[in-house]
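Step one of this worksheet: look at the structure below.
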Amino acid sequence: MTKGILLDIEGTTTPISFVYDVLFPFAREHAPEHLGDEEQRALKAEYDVDVAKGLTPPSWSSGAIQYVHWLMDQDRKSTALKNLQGKIWQEGYRRGNLQGAVFADVPQALKRWHDAGIDIRIYSSGSILAQQVLFSTTPFGDLTRFLKGYFDTTTGPKNELSSYTTIAAAFGLAPSEILFFSDVTRELDAASAAGLQVLLVVRPGNHPQPQNRYKSLHEFGAVLLEPRT
């Protein structure tokens, strides 16, 4: 029986267009305002690792913002970058320049699962702060009341089996009792290998996925779960 639900964000609860056409450009524009000493130290540590690996980021002497833009251009799942973006977006939401976006079926599904006693958590490459401010500012109200936990890059990469065993332990559930929703088959591969139930989410604008064996759905209303006894 399903006792826990783990949700991806981009392409699953939230349109990809919101991430790429709204959030990323906003972060790029406002990054210079948020590059304090703490952010620069974290970015410099990652920069040094990149150089040691033989990568060729822009010279640090040209300014940290150039390295930030380089990471953004690669869509790097960088903890330092994601933390910076989360702070930028938090300020944008606070000022009313941004509003969290979710598909219309998401709020009702979250409420239905929550009322059934399901433990619902989020797993995204975006920082935990970024996840929280997105779900707390949607046109449907604050949806964080339905969410019990959040996972980001500090848990591990989303395409690695060990990330999902760590997450299952945090749930306090057997992996087989958790259902993971994602629009990316590589993530489903890793979660399935860890023993989780998985579903492929197919939303408007999502990237085509390789041929796969997974059951798919276009909206959460199609997912029926038994109430917890």
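The values are calculated or read from the model by the stated rules, or taken from the named source; none is laboratory data. Computed from a predicted structure; not experimentally measured. Don't worry about glycine lacking a Cβ; one is built from the backbone with ideal geometry, like all the others, and counts go over all protein chains shown.
If you take the residues of region 29-49 that are farther than 19 Å from residue 99 by Cβ and touching a residue at least 40 places away in the same chain (Cβ under 8 Å), which of them is surrounded by the most Cβ atoms within 10 Å (Cβ to Cβ)? Looking at the filtered set, the residue picked out is 43.
One line per residue, one yes/no per condition, for (1) closer than 22 Å to residue 174 by Cα; (2) modelled with pLDDT of 95 or more; (3) loosely packed, with under 15 Cβ neighbours inside 10 Å; (4) acidic (Asp, Glu):
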| residue | (1), (2), (3), (4) |
| --- | --- |
| 78 | no, no, no, no |
| 125 | no, no, no, no |
| 136 | no, yes, no, no |
| 144 | no, yes, no, no |
| 149 | yes, yes, no, no |
| 159 | yes, yes, no, no |
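Mind checking whether some residue in region 85-108 is more than 29 Å from residue 177 (Cα to Cα), out of contact with any Leu (no Cβ under 7 Å at 6 or more places or on another chain), at pLDDT below 95 and polar (S, T, N, Q)? Taking every residue of region 85-108 in turn, at least one turns out to be more than 29 Å from residue 177 (Cα to Cα), out of contact with any Leu (no Cβ under 7 Å at 6 or more places or on another chain), at pLDDT below 95 and polar (S, T, N, Q).
Kindly indicate whether residue 155 is more than 12 Å from the chain's Cα centre (by Cα) and either of a type in the set (S, T, N, Q) or surrounded by 21 or more Cβ atoms within 10 Å (Cβ to Cβ) (or both).
No.
When we screen 47, 20 for residues that are more than 29 Å from residue 173 (Cα to Cα) and touching a Phe, Trp or Tyr at 6+ places or on another chain (Cβ under 9 Å), the only hit is 47.
If you go through region 60-76 and keep only what is among the small types (Gly, Ala, Ser) and either more than 12 Å from residue 44 (Cβ to Cβ) or buried (at least 17 other Cβ atoms within 10 Å of the Cβ) (or both), you end up with 62, 64. The residues of region 1-18 that are among the polar types (S, T, N, Q), crowded, with 19+ Cβ neighbours inside 10 Å and assigned to a loop (DSSP other than H, G, I, E, B), listed by number, are 12, 13. In the set (1) under 30 Å from residue 120 (Cα atoms); (2) in the same structural domain as residue 79 (by TED's automatic domain parsing), the condition left unmet by residue 8 is number (2).
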